[in-house]
Amino acid sequence: MKQEGILRHAATRLLGLIPTLLVLITIAFFLIRVAPGGPFDSEKALPPEIRANLDAKYHLDEPLLQQYFRYLGQIISGDFGPSFQYKDWSVNELIAQGFPVSATLGGLAMLLAFVIGSLVGIAAALRQNSAADYSIMGVAMLGISIPNFVVAPLLILGVAVYAGWLPAGGWDWSWQRMVLPVVTLALPVIAYIARLMRGSMIEVLHSNFIRTARAKGLPERVVIRRHALKPAILPVISYMGPATAALITGSVVIERIYSIPGLGSYFVQGALNRDYTLVMGVVVFYGVVIIVLNFIVDLLYAWLNPRIRYDETQ
Amino acid sequence: MPTRPTRVLFPLAGLTLALLAGTLSAATVHRGLGPEPDSLQIHQAQGLAAVNLLRDIREGLVTFDVSGEPVPGQAAAWEVLDDGLRYRFKLRADARWSNGDPVTAGDFVRAWRRAFTPATAAATAGLLRHVRNAEDILQGRLEPDALGIRSVDPGTLEIELNQAAPWFPEILAHPVAFPLHADGLDDPRSAPVNGAFRITEWTPRASIRLAPNPEFHAAGTIALDGVVYYPIEEPATELARYRAGELDITETIPAGRFAWLQEHLPDDLHVHPYLGSFWLGLNLTHPELGRSRELRQALALAIDRGIVARTVLGAGELPGWSIVPPGIAGYTPAVMPQSGLSQADREADARRLYRQSGVARNGPLLLELRYNTSGVHRRVAVAVAAMWKQVLGVNTELVNEEWKVFVNNRRLGTVTEVFRGGWIADFADPTSFLDLLIGDSSMNHTFYRNPAFDDLLSRAGAAAGAQRMELLRQAETLLTEDMPVIPLYYYVSRHLVRPRVSGYADNLRDIHLSRYLQLETDEF
């Protein structure tokens with residue numbers, strides 16, 4: 001792998017981030033404004049004067065295009081503005097408080113899912129079409145198909161309410177409160193990774209270079225670890241980019257059921273409340289996270305797969 | 001394979017938690033708060049969560065006692081002068097801010113003027129609209145210092161009203177009428193407070209911790225070492241956390257769990273009438289709905305409220321026959337005259353009125369019933385549609401809208417026909433409900449306009465005591481005849497409260513200040 005190639009590739013990708021983000025911001029900005037109703041519509045109609053004062057305070061009285069450019073200017077200086085709904089906090093503060101929570105949960109869940117999912121997947125691949133393989137894949141299928149809003153309440157009921165081993169929800173950075181949400185988040189991902197891993201491992205094990213390795217008399221352990229693992233894990237890695245982005249930016253369902261102050265609820269709450277700045281803030285933030293993670297995945301890919309070279313113009 | 005580590009791990013976790021719970025101060029009350037408060041600035045707070053929390057950390061001239069009745073707070077006493085147009089408050093000598101400064105009349109004047117300053121854009125300033133010049137200031141015709149509030153001396157405050165309002169003292173217990181210290185004003189993180197508690201830690205959407213404020217005038221009566229509020233949006237989660245022993249008082253109970261709770265947690269379940277009613281509004285600009293009073297009455301009578309309240313809702317709600325819910329002192333709601341009949345008789349009446357209305361001459365009527373997304377509203381809408389179909393043959397199309405879209409459509413009234421309505425009183429007075437149907441009220445989504453009704457309300461505004469209540473009752477009687485809204489049920493408040501919590505009393509306003517709570521600490 002050539003060093004300059006990677007660097008040039010990195011620079012191009014980072015530059016490509018800017019137009020992507022610009023498109024994202026523009027679409028999100030106008031989409032949320034198209035939705036009927038505004039941040040100050042509520043059951044009690046505000047007196048017109050108060051309404052006018054509020055609009056002026058948040059610049060909602062300006063033409064939309066002017067608001068758009070004002071917003072772009074703000075974002076460049078790294079300021080997402082005040083939240084309309086949580087009036088005591090700025091969007092930056094809300095993201096700064098929510099993201100570490102979501103990132104911790106999502107990161108742990110991904111780690112768990114990656115380790116268990118790959119091991120289980122490999123185990124199944126090595127015993128292809130055996131009873132063990134079928135039962136592992138059966139369980140994995142269940143893991144994918146049972147939604148987390150079913151799993152979570154069952155876990156709460158069993159582990160927290162009846163057994164009393166762990167708290168039922170809430171957040172204070174203690175590990176006890178992380179266990180259930182991490183497990184709930186990880187379950188479908190474990191299942192998915194296990195299936196991916198099994199499939200690609202089976203494919204790799206049937207390829208010529210593995211046959212060669214075995215023909216050379218290498219022990220099976222070495223064949224798997226040194227030769228089969230790296231190419232077999234590639235599909236898992238490419239899945240992990242967007243999956244990690246989704247996990248670490250929080251899950252609405254998990255946050256609601258376990259009452260966790262993560263980032264995920266802000267997408268829904270922000271949109272429902274027409275909290276324009278909050279929605280924009282989390283969307284832009286999510287966009288950046290996805291782009292960065294996909295970039296990392298690309299680099300990992302190049303490292304794992306010698307056939308991919310970034311210095312070649314393809 | 002995974003059994004072994006689990007066996008070791010989970011009891012360990014349980015043990016740690018038990019120890020942790022034991023070390024938590026036993027005199028700390030853990031309360032569910034509902035959603036995260038929208039703001040803890042007195043002029044920005046609108047939601048119930050914020051208002052409830054602010055009442056624990058700040059206090060107005062008036063506050064609430066353990067049973068939710070208004071009692072003197074920062075004021076020691078007051079006189080009502082000029083036939084209810086002027087109030088003179090004597091502040092408590094021991095009213096102090098958390099930094100030790102005395103609370104002065106000037107602190108109230110400062111706060112009120114700030115509430116009416118355009119830059120503050122206080123959404124709840126309208127609650128003080130009866131204060132002299134308030135309307136003109138809100139409309140921008142006068143400056144905030146023209147507001148009818150005056151510091152006579154540091155311990156005496158005078159407030160003038162445009163119009164007598166017997167419920168005015170209760171408004172003074174709302175955060176919008178609280179005083180502000182000159183330092184930090186209402187910055188929720190740094191400003192001095194004058195309530196029973198102060199915030200020690202605030203993690204948005206996780207917890208808000210309160211400790212007693214030693215400068216509070218009744219600090220000696222406070223039994224708790226602290227209060228922790230947990231914003232929990234999902235009632236099912238709140239229930240799980242309550243059952244797991246993490247909460248002492250919940251904000252609500254999940255829909256559909258009432259019967260289960262009655263059976264399994266009967267000593268913890270508190271269901272009590274609440275100052276709110278639910279109704280279906282009828283848009284009177286709709287040709288048929290607006291033209292025919294008989295049709296409106298037929299629609300109202302065809303609904304079996306017993307089934308709606310007991311079976312469809314089933315959480316202690318009471319069948320509603322009036323706009324104003326029962327329970328307001330000195331007022332008996334004007335209920336629909338047919339409330340005493342049997343449901344079969346009402347349905348016969350409904351059919352007769354429907355025929356009289358003549359709307360079905362060219363085939364059955366098709367109505368649209370609009371409600372905002374919510375499981376409860378959907379169930380009610382489905383039931384009502386079925387009853388209309390069964391009794392009258394009226395076809396109903398259900399339209400479900402997201403909240404922001406719904407409130408806008410309801411206000412504009414161009415597409416609405418029948419719509420979900422309802423109200424929770426700002427203060428315990430019939431006008432909190434009846435004012436909604438005044439001809440030019442911005443909240444009148446039915447576009448009902450009856451000069452006789454408006455006239456009765458304005459005459460009531462000039463009257464007092466029993467005479468005033470009688471005029472209001474006459475006004476409400478007009479509503480039961482004209483039927484611009486169809487009352488369905490009266491709200492209830494619902495909480496789970498651990499039996500070891502004392503100083504908690506169910507009440508009509510559903511206000512439970514933490515300063516009265518006590519814990520029996522024999523559990524640990």
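Derivation of every value follows stated rules applied to the coordinates shown; laboratory data play no part. Please read these numbers as outputs of a predicted model, since none were measured by experiment. Every residue, glycine among them, receives a Cβ derived from its backbone with ideal geometry; neighbour counts consider all protein chains shown.
Figures for the structure shown
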| quantity | calculated |
| --- | --- |
| Packing-based order for B:93-105, A:69-81, A:114-126, using average beta carbon neighbours within 10 Å, highest first | A:114-126, B:93-105, A:69-81 |
| Å³ per residue enclosed by the Cα convex hull of segment B:94-164 | 102 Å³ |
| For segment A:1-154, alpha-carbon Rg over 2.2 N^0.38 Å | 1.63 |
| Net charge contributed by nearby residues that have their C-beta within less than 13 Å of B:LYS90 (K/R +1, D/E -1) | -2 |
| Segment B:367-524: Cα Rg divided by the 2.2 N^0.38 Å rule of thumb | 1.34 |
| Proxy reagent accessibility, fewest Cβ within 10 Å first, across B:ARG378, B:ARG468, A:ARG51 | B:ARG378, A:ARG51, B:ARG468 |
| Average partner coverage of B:407-414, which counts Cβ from other chains inside 10 Å | 2 |
| Solvent-free Debye scattering, log10 I(q)/I(0), computed from the Cα coordinates of the protein assembly as shown at q = 0.05 Å⁻¹ | -0.34 |
| Euclidean distance of C-alpha centroids, segment A:1-53 and segment A:223-264, integer Å | 25 Å |
| Hydrodynamic radius of segment A:245-286 per Kirkwood, over alpha carbon pairs, in Å | 10.2 Å |
| Cleavage-rule hits (trypsin sites (Lys or Arg not before Pro)) in segment A:147-231: DSSP loop, at most 13 neighbouring Cβ within 10 angstrom | A:LYS216 |
| Phi to ³J(HN,Hα) by Karplus 6.51 cos²θ - 1.76 cosθ + 1.60 over segment B:320-335, Hz, x for Gly, Pro | x, 10, 8, 6, 7, x, x, x, 7, 4, x, 10, 10, x, 7, 8 |
| Spatial separation of Cα centroids for segment A:67-88 and segment B:175-235, in angstrom | 29 Å |
| Residue-span extension gain [B:ASP94 to B:ARG310] - 0.36 nm each, minus C-alpha spacing | 72.8 nm |
| Segment B:69-181, dipole about Cα centre (Lys/Arg Cβ +1, Asp/Glu Cβ -1), debye to the nearest 20 | 220 debye |
| Amide proton proximity set for B:THR396, modelled H, under 5 Å, gap of 5+ | B:LEU367 |
| Cα-based Rg and Dmax for segment B:277-491, where Dmax is the largest Cα-Cα distance (Å) | 16.5, 51 |
| Calculated [θ] (222 nm, deg cm²/dmol) that DSSP helices of n ≥ 4 give over chain B, each run adding -39,500 (n - 2.57) | -9000 deg cm²/dmol |
| Projected label distance in nm at B:GLU470 and A:ILE76, using a 7 Å step from Cα toward the beta-carbon | 7.3 nm |
| Estimated vicinal HN-Hα couplings, Hz - segment A:46-61 in sequence order (Karplus 6.51, -1.76, 1.60; Gly, Pro = x) | 6, x, x, 5, 5, 4, 5, 4, 4, 4, 5, 4, 9, 6, 6, 8 |
| Alpha carbon convex hull of segment A:92-179, projected area averaged over orientations, nm² | 7.4 nm² |
| Taking B:VAL193, B:VAL359, A:VAL284 and counting other C-beta atoms within 10 Å, the order from fewest to most | A:VAL284, B:VAL359, B:VAL193 |
| Computed [θ] at 222 nm, helices only, for chain A once each DSSP H run of length n ≥ 4 contributes -39500 (n - 2.57) | -23500 deg cm²/dmol |
| Cβ-based net charge around B:LEU313, under 13 Å, with every Lys or Arg adding one and every Asp or Glu removing one | +4 |
| Residue order, fewest to most beta carbons within 10 Å, for A:ILE224, A:ILE260 | A:ILE224, A:ILE260 |
| Counting DSSP beta bridges with both ends in chain B, the antiparallel % (nearest 5) | 75 percent |
| FRET efficiency, 1/(1 + (r/R0)^6) with R0 56 Å, evaluated for A:LEU7 and B:LEU412 via beta carbons | 0.45 |
| Taking segment B:277-491 and dividing mean pair separation by its residue count, relative contact order in percent (alpha carbons under 8 Å, at least six apart) | 36 percent |
| 3J(HN,Hα) from dihedral phi, segment A:16-30, Karplus parametrisation 6.51/-1.76/1.60, rounded to Hz, x for glycine, proline | x, 4, 5, x, 4, 4, 4, 4, 4, 4, 5, 4, 4, 4, 7 |
| Shielding by partners - mean other protein chain Cβ count within 10 Å, residues of A:48-57 | 5 |
| Under 15 Å, Cβ to Cβ, from A:LEU15 - net charge with Lys/Arg +1 and Asp/Glu -1 | +1 |
| Nearest-0.05 FRET efficiency for B:ALA329 and A:ILE27, computed from C-beta distance (R0 51 Å) | 0.35 |
| Relative packing of A:82-88, B:176-182, B:493-499, which averages over residues the other C-beta atoms within 10 Å, highest first | B:176-182, A:82-88, B:493-499 |
| Test item: Cα-centred dipole of segment B:277-491, Lys/Arg +1 and Asp/Glu -1 on Cβ, debye | 460 debye |
| Interchain or long-range residues, amide H under 5 Å from B:THR373's placed H | B:GLU401, B:GLU402, B:TRP403 |
| Gyration tensor (Cα) of segment A:218-266, equivalent ellipsoid semi-axes in angstrom | 38, 11, 6 |
| Residues with amide H under 5 Å from that of B:PHE64, placed H, sequence gap 5 or more | B:VAL71 |
| In segment B:119-166, the trypsin sites (Lys or Arg not before Pro) that fall in loop regions by DSSP, at most 13 other Cβ within 10 Å | B:ARG141 |
| Gaussian network model of chain A, Cα within-10 Å springs - most flexible of A:GLY262, A:GLY138, A:GLY199 | A:GLY138 |
| Charge dipole (segment B:277-491, unit charges on Cβ, about Cα centre) - positive-most of B:ALA334, B:THR373, B:ALA385 | B:ALA385 |
| Other protein chain Cβ atoms within 10 Å, averaged over every residue that makes up B:494-500 | 0 |
| Positive-pole candidate from B:LEU284, B:GLN262, B:ALA302, dipole of segment B:254-322, charges at beta carbon | B:LEU284 |
| Column: log10 I(q)/I(0), Debye, Cα scatterers of chain A, q = 0.11, 0.14 Å⁻¹ | -0.86, -1.16 |
| GluC sites (Glu not before Pro) restricted to segment A:207-314 and DSSP loop, no more than 16 other C-beta within 10 Å | A:GLU312 |
| Directionally averaged projected area (convex hull, Cα atoms, chain B), nm² | 28.3 nm² |
